[in-house]
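What follows is a set of notes on a single structure, which appears directly below.
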Amino acid sequence: MVGNAVFRVEGLRKSFGRNEVLGGISLELHSGQVTVLMGANGAGKSTLVKIISGVYERGGGTMTLADQDFAPNTPAEAIRAGVVTVHQNINDGVVADLDVATNLTLDRLSGKGVPTLFNPARVRREAKAVADRMGLAIDLKARVNDLSLADRQMVAIARALAHQPKVLILDEPTSSLSSAEADRLFALVDRLREQGVAILYISHRMSDIRRLADRIVSMRDGVISGAFDTKPLDYEGAVNAMLGRKIHLDQIVARSSAKPVLTVEGLRIGLGARPISLTLGDGEVVAITGLVGVGKTALAETLFGVRKPLTGTMTMNGKPYAPRSAGDAIAAGVFLVAKDRATSGIVSGFNIERNVSLPFLKRMSTLGVLKRRLERATARRQIEELSIVCRSEKDEMSALSGGNQQKVMVARWMAQNAALFILDEPFQGVDISARRDIAAKLRASANGRATLLFVTELDEALETADRILVMSEHTIVGEHRNAEVDLDRLLAEVAGGPLHSAA
Amino acid sequence: MTLRDHAIRYGFIVLLFGLVAYFAIAADGFVSPQSAVFIFQSVAITGVLALGVTATLVVGGFDLSIGSVATSAMMAAAYVMVVLEQNAVVAVVVCLLIGAIVGLINGWLIVYMRVPDLLATLGMMFLLVGLQRIPTEGRSIATGMTMPDGSVANGKFGDAFLALGRHRFDFFIPNLIPVSVVVLLVLALLIWFFLEYTRFGRMMYAVGSNERAAELAGAPVKAYKIWAYVISGVFASIGGILLAARLGRGDIASGNNLLLDAVAAALIGYAVLGAAKPNAFGTAVGALFVGILLQGLTMMNAPYYTQDFVKGVVLVVALVFTFALSGRGRG
Ligand SMILES: Nc1ncnc2c1ncn2[C@@H]1O[C@H](COP(=O)(O)OP(=O)(O)OP(=O)(O)O)[C@@H](O)[C@H]1O
Ligand SMILES: [Mg+2]
């Protein structure tokens, strides 16, 4: 194996202040192979990627690309050398104010040998070529700002691929993609692999890893803790190496609830959509699954009062419930962990403590004056509770790894007791063990409230919920008790199967 | 902390002391009670305006109308007392109302009419600059002036009102601290406490940093934004009251520099103690900085245009401190 590594990293180190994040990483990428890098939240994966792609300076070690020394000072240099990266925080990868076409061709607009004049026709032509090559079905004139996160992600990836890379790095590319979009990405990765590109793929999703991996490298606390390259790949071994212990999965005992908390009747959330009726019970964890874009977020936002239903009524604990704003919902005990933390959750100017307390400032103050000690104590408790990897509650959010930022978002809303707790894609970017942890905590604390999860990944629903509802075309088309689930029926419903089987 | 962290944190404070030391040596009479009074006085009015604009910066907005709100308030105070012959209390109330109403309109334009903040407040600035001249057809207001209809205005500034601008409290040295400085200190403390220690202030910062996140955390985002402009308007009108009290008349030509000086003070405030965000303490220090700079340059007989130039340089340096040095990333 040794001879044909196109890209080699040796003894790479990096510290932030006194905090050593990478403690001598050595890694090889081979052309025509997908190397999957696994590691718990905060292990240092994204930091490694940012060094390779020229975003961060390294603290020590060497990198070689095709036996040449590789030391990019800027991201542009790395890209020119053929090392192309799609970062975890995809807003780094697109320019929100420009349209899709310009984004796709952005890197050709600067650099040597580019005509000074901006030629819109040429831009559109080139962008169309890039989009076609990827099977990207997005309006090229749309502004990136107006796209969903999933579409933005596809644009970022397409943009990266427009470079014809020698080495391609994908840092959690599927965390906000639907399975159809993920499939398209996988097909693309397959094609690039055949063309001899060396690919480094980072993900917490086992299904991605199973689908793509030729080799797996596990890392833990900034060092490589295992490498697996004999087929069949030892997935369990890789997970154990990244966690440093064995992971165990408690079988879910599906509960049912006698006492309804929320009753929804005849709720219509989209033009032409069939009305939704559902009941959520006390102590019950219900997951709603379905493809991206079938109205899961719309339903979550309707329950949370930030979107008006077309028709329908809701009842909470016997009383009519018609929130007109998030403030109303929170006052009624309805909490929402919103999807896409960067846009709708994180206040980047605030540290962890202030992010956690944000929705409950009223309860944490007297006569408007904040009780800072209570605030700090709450943040510390929540950091402990969800095992958030950080130095202290005063850390800025930007100093946290992606998964830990997500945990802060969940921690924020778990700090107080809810009557109805809604979580929209709460596991985005969270590692396997933390995901199980959070699921277990949700189940353990479920009594006294109704819990409603929106997840695209079926596995996450199966691991967490007592009851699974399936959404398609802005309405609920199926219901399953999480005991002996008829997976075929469920998958058919997800795929938008015959509606007459609907509940 | 590294050297750079220290530079970011204390750089501007050191610069401030350096400036004082320099003027103390270079400008005769800089270290004197008279010059202190002058600095305080000029700091006070800019400072009050700057604190107001800080509130709008906190919610991610900007208020370009503060200068014209202040001059409108000044003209209104003069009009109420000189032409309408009312007392000081009425004048003050009218001014505050003007500030609050302008703030409400600004907020409404920005929040409900979706006019970008810079444009809305710029429009308001033009509107007020014109409006304040209509009642007197462009003339300054002073006791004994002839009104457009030929009558003579006989009212005068009440003593209580003038005291706001001219009375000085003893502080070690007799007659040292003007009332306006006390007003500034009180307002600075108030807004500092409000922003740092109350949930309303906290939410305003959240609104400025990520509006959607703040909304999903239950904040009435629109109300917070409108309130920020009301605070800004009211503070600007207080500045106008102090200005009128100092001048003793409604002077159409004064207050030209108020907007730029106040904005400079607030932006310099970003750099103080490495805050990298709008904050009351920084704004107060920024106002002091601008005041000292102007007084020092004046005493060194620098022509007025070099003053603007130096002010600009200082502002640019402050912005570099804030945005480049504290920039994250390459760690
Ligand atoms: N800019 C920064 N300043 C200080 N510490 C940082 C910074 N960026 C990352 N860290 C720390 O470095 C560690 C590794 O972070 P990194 O983002 O590389 O993790 P990761 O493996 O990508 O995790 P995840 O799976 O959650 O994305 C974390 O403990 C994080 O707190
Ligand atoms: Mg990461």
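The values are calculated or read from the model by the stated rules, or taken from the named source; none is laboratory data. Just so you know, these numbers come straight off a predicted model, no measurement behind them. Cβ sites come from the backbone with ideal geometry, for glycine too, and all protein chains shown count toward neighbours. Note: areas computed on protein heavy atoms with side chains; ligands, DNA, RNA excluded. Shrake-Rupley method; radii C 1.70, N 1.55, O 1.52, S 1.80 Å.
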**OP:** Please work out how much accessible surface residue A:277 shows to a 1.4 Å probe, ignoring ligands, DNA and RNA, in Å² rounded to 10.
**Re:** 80 Å²
Subject >> Peptide A:366-377 - average C-beta neighbours from other chains (10 Å radius) >> reply: 2
Subject >> Between the range A:237-286 and the range A:343-384, the alpha-carbon center distance in angstrom >> reply: 27 Å
Original post:
Ballpark to the nearest 100 Å², how much total accessible area do B and A bury together, probe 1.4 Å?
Top reply: 2400 Å²
Original post:
Expressed as a whole percentage, what fraction of the accessible surface of the range A:166-323 belongs to carbon and sulfur atoms when a 1.4 Å probe is rolled over the protein heavy atoms?
Top reply: 52 percent
Subject >> Pairwise centroid distance, computed over Cα atoms, of the range B:229-298 with the range A:126-196, Å >> reply: 50 Å
**OP:** Just read off the accessible area of residue B:191 with the full protein assembly in place, 1.4 Å probe, to the nearest 10 Å².
**Re:** 10 Å²
**OP:** Order the peptides B:276-289, B:102-115, B:130-143, B:66-79 from the highest to the lowest mean number of other Cβ atoms within 10 Å of their residues.
**Re:** B:66-79, B:276-289, B:102-115, B:130-143
**OP:** Just report the Cα centroid separation between the range A:402-476 and the range B:133-185, whole Å.
**Re:** 64 Å
Original post:
Which shape class, rounded, prolate or oblate, goes with the range B:85-175 when its Cα gyration tensor gives a ≥ b ≥ c as root eigenvalues, a/c under 1.5 marks rounded, and past that a/b bigger than b/c marks prolate?
Top reply: oblate
Subject >> C-alpha long axis of helix A:372-385 to longest principal axis of chain A, angle in ° >> reply: 70 degrees
Original post:
Relative contact order for the range A:189-243 using alpha-carbon pairs under 8 Å, separation at least 6, rounded to a whole percent?
Top reply: 26 percent
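Across peptide A:351-358, what mean number of C-beta atoms from other chains lies inside 10 Å of a residue's C-beta?
Averaged over the peptide's residues, the number is 3.
Could you give the size of the charge dipole of the protein assembly as shown about its Cα centre, using +1 on the Cβ of each K and R and -1 on the Cβ of each D and E, expressed in debye and rounded to the nearest 20?
Charge dipole of the protein assembly as shown: 720 debye, to the nearest 20.
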**OP:** Kindly write out, for the range B:69-84 in residue order, the coupling ³J(HN,Hα) from the Karplus curve 6.51 cos²θ - 1.76 cosθ + 1.60 (θ = phi - 60°), rounded to whole Hz, with x marking Gly and Pro.
**Re:** 5, 4, 5, 4, 4, 4, 5, 5, 4, 4, 4, 4, 7, 7, 8, 7
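Over the range A:422-503, average the accessible area per residue using a 1.4 Å probe and give it in Å², no decimals.
Computed with neighbouring chains in place, this is 36 Å² per residue.
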Original post:
Relative contact order, percent, of the range B:59-150 when contacts are C-alpha pairs under 8 Å separated by at least 6 residues?
Top reply: 41 percent
**OP:** Select from the range A:203-270 those trypsin sites (Lys or Arg not before Pro) which occupy a DSSP coil region and have at most 15 other Cβ atoms within 10 Å, ordered by residue number.
**Re:** A:245, A:246
Original post:
What average count of beta carbons from other chains do you get within 10 Å of the Cβ of residues in B:214-224?
Top reply: 6
Original post:
Which lysines, on any chain, are close to residue A:371 with Cα under 18 Å apart, when same-chain ones fewer than 8 places away are left out?
Top reply: A:362, A:394
